[in-house]
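Student: Got a structure for you, questions after.
The values are calculated or read from the model by the stated rules, or taken from the named source; none is laboratory data. Remember, it's a predicted structure, so these values are computed and weren't measured experimentally. Neighbour counts are summed over all protein chains in view; Cβ atoms, including those assigned to glycine, are modelled from backbone coordinates with ideal geometry.
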Amino acid sequence: MKKEISEQYKNVNVRKKLLSLSEDIFICSSFINLFEASINYFENLERRDVHSILKVLKQKLNKMKCEIGDVRIKLFGINE
């Protein structure tokens with residue numbers, strides 16, 4: 001027998017996911033900004049290595065932004 005989850009409970013879980021993703025995005029974007037600002041101080045890394053690291057971080061950030069967009073659509077019906 002399938003037990004239905006109440007809409008209110010679903011919204012609580014979605015809000016928790018939204019908050020978690022928001023925190024992840026803030027941390028990731030802050031790290032990217034810090035990393036870009038101090039790029040000239042990474043003397044032991046070759047420039048191409050630094051750019052590779054930034055590329056991966058930006059891809060992760062974009063993925064998280066897509067995930068948070070999906071959650072916002074589910075929670076609020078918002079599609080920006």
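Student: Regarding F31, is this residue aromatic (F, W, Y) and either loosely packed, with under 12 Cβ neighbours inside 10 Å or at pLDDT below 75 (or both)?
Tutor: No.
Student: Where the second residue is surrounded by 15 or more Cβ atoms within 10 Å (Cβ to Cβ) and of a type outside the set (A, V, I, L, M) and the first is farther than 13 Å from L34 by Cα and in contact (Cβ under 8 Å) with a residue 24 or more places away in the chain and lies in segment 53-66, which pairs have Cβ atoms under 7 Å and are six or more apart or on separate chains?
Tutor: That search, which allows pairs on different chains as well, returns K60/C28; L61/C28; L61/S29; M64/D24; M64/C28.
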